[in-house]
Amino acid sequence: VQLQASGGGLVQAGGSLRLSCVLSGRGFSLYSMGWYRQAPGKERELVATVSTGGTTTYADSVKGRFTISRDNAKNTAYLQMNNLNPADTAVFYCNARSVVTRADYWGRGTLVTVSS
């Protein structure tokens, strides 16, 4: 299983970005998907998750601004990020967790920079 995250970049405060995470391998529908982020000098933190059944969870700091989704036909998870602010600046990582084996897989990360 390999994960390829994309969609990061530089955006002004108040702007939007959509991150994508493509899972290469079989059985995408058997993975819960998540996005994490790590800001400079800080620990990695959970941003959002979407279960195999489509149930979503969010960190309090992004509720109402970020939306996680998945397209099983495309083996892809998304993170739509709206109303970005400088505190959202971080490297965003995609995570896949097998509901069968509980194994975790990580992508390389994509950098999101929000300027004020």
Do you know which of the residues in region 60-91 that are exposed (fewer than 13 other Cβ atoms within 10 Å of the Cβ) and basic (Lys, Arg) is nearest to ALA39 (Cα to Cα)?
LYS63
For LYS74, state whether it is charged (D, E, K, R), closer than 16 Å to SER6 by Cβ and out of contact with any strand residue (DSSP E or B) (no Cβ under 7 Å at 6 or more places or on another chain).
yes
With criteria (1) touching a Cys at 6+ places or on another chain (Cβ under 8 Å); (2) surrounded by fewer than 18 Cβ atoms within 10 Å (Cβ to Cβ), CYS94 comes up short on (2)
What is the number of the single condition among (1) farther than 17 Å from THR110 by Cα; (2) surrounded by 16 or more Cβ atoms within 10 Å (Cβ to Cβ) that SER51 does not meet?
(2)
Count of region 1-30 residues which are over 21 Å from ARG102 (Cβ atoms) and either out of contact with any Cys (no Cβ under 8 Å at 6 or more places or on another chain) or open to solvent by 50 Å² or more (accessible area, probe 1.4 Å) (or both)
16
For region 89-116, pairs from a residue that is farther than 11 Å from SER6 by Cα to a residue that is among the acidic types (Asp, Glu) and open to solvent by less than 80 Å² (accessible area, probe 1.4 Å), with Cβ under 6 Å and 6 or more apart or across chains, are ARG97/ASP104; VAL114/ASP88
Can you find a residue that is in contact with a strand residue (DSSP E or B) (Cβ under 6 Å, 6 or more places away or on another chain), open to solvent by less than 60 Å² (accessible area, probe 1.4 Å), in contact (Cβ under 8 Å) with a residue 60 or more places away in the chain and of a type outside the set (A, V, I, L, M, F, W, C) anywhere in region 35-48?
yes
Has region 95-113 got at least one residue that is within 12 Å of the chain's Cα centre (by Cα), among the hydrophobic types (A, V, I, L, M, F, W, C), over 18 Å from SER16 (Cα atoms) and in a strand (DSSP E or B)?
yes
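The values are calculated or read from the model by the stated rules, or taken from the named source; none is laboratory data. As the structure is a prediction and not an experimental result, all values here were calculated from the model. As a convention, Cβ positions derive from the backbone with ideal geometry for all residues, glycine included, and neighbour counts pool all protein chains shown. Heavy atoms of the whole protein, side chains included, go into the accessibility calculation; ligands, DNA and RNA do not. Shrake-Rupley method; radii C 1.70, N 1.55, O 1.52, S 1.80 Å.
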